[in-house]
Amino acid sequence: MQFLKSSIGRKIVMALSGLIMVLFVIAHMLGNASVFAGPDGINAYAAKLQGFGPFIWVFRLIMLSVLSLHVYFGILLTLENRAARPAAYTVKKDLRSTFASRTMIWTGLVIAVYLVYHLLHFTFHVINPGISSAVNVDASGRPDVFRMVVLGLQDLFTSFIYIAAVIASALHLTHGIQSAFQTLGGNNDRTFPVITKAGTIAAGILLLGYISIPLAVIAGVLKH
Amino acid sequence: MNLTLFVWRQKGPREPGRLEQYSAENISTEMSFLEMLDVVNEGLIRSGREPIAFDHDCREGICGTCSQVINGVPHGPQEKTTVCQLHMRNFKDGDSIYIEPWRAKAFPVIKDLVVDRSALDRVIQSGGYISVHTGGVPDANAVLVPKEDAEAAMDAAECIGCGACVAACPNGSAMLFTAAKVSHLTLMPQGKVEAARRVCVMTEAMLKEGFGNCGNHYECQAVCPKGISVQFIAKLNREFIKAALKAEA
């Protein structure tokens, strides 16, 4: 398709797929927050999601396609960009680019690897099956997600991996969100500073929202 | 003042290059950067050595020919200034200065600091024009242009095609250059007719020349001697989306 061969077309795919995933992580964070309401909160929420039945798999397949496009074009564009400067400068000063913008491919790959681990841990219960919500039920007979999350994150190494991945995601988003709006042509003199700031604030809120759970577990605020 | 220079020397396009050290002595702060290099070159010629090759033409900051990365910044440390308009008062006695050519796959080094920037010309040739009927000069103000559009088109048209945006871009992308050209033509009523075709062929030509993709790092705007805004890249993207939707319809 001509659109996908174009430099801008590919970036539009990156921007749209990225924004869809931003919406997903916002919804995911709000869902996670139910853990603070105790077992009744998150277990009821999880049971409700499970109630969607086969639609969960439709949703998962859509997200998987969106993710695949983002990863595929992200790697392709990065390789093309590297090839565009075969000889490096001896001295090069960065004036406007940020640490986040220059490390998009690396934070992206960290997120991808982490995502596999995360799914194996909490969705497919391959890692640490002993605490799996598939085998443990709460007092009301619902899968005990609360127990799984709290016991899982009580392990300091596991919590460390989660926090590190969340930091990588937040860095990715500080550049990614404003970058997506620029690519989709949404920036002009008035909106540019607002969108850049909003992107950074959104990344900050997501950072706090996500790390609050492992921190609360380590601090003993959330316990099983 | 006395300076130590580290200058990229490369005999030809396929020769390996390297940084060589030179000393620039008794340099006046009133000199432009290129005049400082002239002094160094005269010394090299007197001692029977090959002078440093560099591009220059108007020496008044409007032709876009001079192209040197000075201490890691295309056109050097002063904002919105070409190398020829950069004066030695921006440096201190005893400074070390690294001078390198624009580095991009699409800009092969010809010799020392001189690179071949004809890739930008080919991007222009692909669609950076408007097609008009020849004949008599049209009446002034026969085609009305809103003041805002005229101003924006002029801002974009300030691009002198020096290639600093490419040199500064971590991805070696010519997106700011292409965006400026597409914008200044497309903002005009005469340029709107071919807008959809133009944005497609010019961005395609850009990729074909070996430039990278825009990563929204905005290094380009920071080094542009004319201060062209990255808002024009957003405009380029809007034009592309419009063209893509039009092609679908």
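Within region A:148-169, does at least one residue satisfy the condition of being over 16 Å from A:VAL22 (Cβ atoms), outside any helix (DSSP H, G or I) and hydroxyl-bearing (Ser, Thr, Tyr)? For region A:148-169, residues over 16 Å from A:VAL22 (Cβ atoms), outside any helix (DSSP H, G or I) and hydroxyl-bearing (Ser, Thr, Tyr): absent.
Determine, yes or no, whether A:LEU151 is more than 20 Å from the chain's Cα centre (by Cα) and either basic (Lys, Arg) or closer than 22 Å to A:ALA46 by Cβ (or both).
Working: more than 20 Å from the chain's Cα centre (by Cα): yes; either basic (Lys, Arg) or closer than 22 Å to A:ALA46 by Cβ (or both): yes.
Yes, satisfied.
Working carefully through the options A:MET14, A:MET29, find the one that is more than 7 Å from chain B (Cβ to nearest Cβ), under 30 Å from B:ILE241 (Cα atoms) and among the aliphatic types (A, V, I, L, M).
A:MET14
Consider region A:93-103 and keep the residues that are in contact with a His (Cβ under 6 Å, 6 or more places away or on another chain) and within 12 Å of A:HIS172 (Cβ to Cβ). The one that is nearest to the other protein chains (Cβ to nearest Cβ) is A:SER101.
In region B:38-81, what residues are free of Cβ contacts under 8 Å to residues at least 24 places away in the same chain and under 16 Å from B:ASP95 (Cβ atoms)? Within region B:38-81, B:VAL39, B:PRO77, B:GLN78 qualify.
Residue check: B:PRO225 meets all listed conditions (1) within 13 Å of chain A (Cβ to nearest Cβ); (2) buried (at least 24 other Cβ atoms within 10 Å of the Cβ) but one, namely (1). If the condition is being in contact with a helix residue (DSSP H, G or I) (Cβ under 7 Å, 6 or more places away or on another chain) and either surrounded by 14 or more Cβ atoms within 10 Å (Cβ to Cβ) or within 14 Å of another protein chain (Cβ to nearest Cβ) (or both), then region A:123-144 contributes A:ILE127, A:ASN128, A:ILE131, A:SER132, A:SER133, A:ASN136, A:ASP138, A:ARG142, A:PRO143, A:ASP144. Among the numbered conditions (1) crowded, with 20+ Cβ neighbours inside 10 Å; (2) assigned to a loop (DSSP other than H, G, I, E, B), the only one that B:GLU60 does not meet is (1).
For region B:228-249, a tally of residues being more than 9 Å from every other protein chain (Cβ to nearest Cβ), surrounded by fewer than 24 Cβ atoms within 10 Å (Cβ to Cβ) and farther than 20 Å from B:VAL193 by Cα returns 0. Could you tell me whether B:LEU245 is in contact with a helix residue (DSSP H, G or I) (Cβ under 6 Å, 6 or more places away or on another chain) and free of Cβ contacts under 8 Å to residues at least 12 places away in the same chain? Answer is no for this residue.
Results for (1) away from every other protein chain (no Cβ under 14 Å); (2) under 16 Å from B:ARG117 (Cα atoms), shown as yes or no for each residue.
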residue	(1), (2)
B:THR65	yes, yes
B:GLU79	no, no
B:VAL83	yes, no
B:ARG89	yes, no
B:ASP93	yes, no
B:ILE99	no, no
B:TRP102	no, yes
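Take the conditions (1) more than 14 Å from chain A (Cβ to nearest Cβ); (2) among the acidic types (Asp, Glu); (3) in a loop (DSSP other than H, G, I, E, B); B:GLU42 misses just one of them, which is (3). Just to be sure, is B:VAL182 touching a strand residue (DSSP E or B) at 6+ places or on another chain (Cβ under 7 Å) and either surrounded by 19 or more Cβ atoms within 10 Å (Cβ to Cβ) or free of Cβ contacts under 8 Å to residues at least 12 places away in the same chain (or both)? In short, no. Every test in (1) in the same structural domain as B:ALA195 (by TED's automatic domain parsing); (2) surrounded by fewer than 14 Cβ atoms within 10 Å (Cβ to Cβ) is passed by B:GLY94 save one, and that test is (1). Taking the criterion of being in contact with a Ser or Thr (Cβ under 8 Å, 6 or more places away or on another chain) and either outside any helix (DSSP H, G or I) or within 11 Å of another protein chain (Cβ to nearest Cβ) (or both), the residues of region B:161-172 that qualify are B:CYS162, B:GLY163, B:VAL166, B:ALA167, B:PRO170. Taking region B:193-212 as the search range and keeping residues that are more than 21 Å from B:ILE160 (Cα to Cα) and part of a loop (DSSP other than H, G, I, E, B), which one is nearest to the other protein chains (Cβ to nearest Cβ)? Only one residue fits best here, namely B:GLU194.
Of the residues making up region A:177-186, at least one is within 14 Å of chain B (Cβ to nearest Cβ), out of contact with any Gly (no Cβ under 7 Å at 6 or more places or on another chain) and either surrounded by fewer than 18 Cβ atoms within 10 Å (Cβ to Cβ) or farther than 30 Å from A:VAL13 by Cβ (or both).
The values are calculated or read from the model by the stated rules, or taken from the named source; none is laboratory data. Quantities reported herein were computed from a predicted structural model and do not represent experimental measurements. Backbone-built Cβ (ideal geometry, glycine too); neighbour counts: all protein chains shown.
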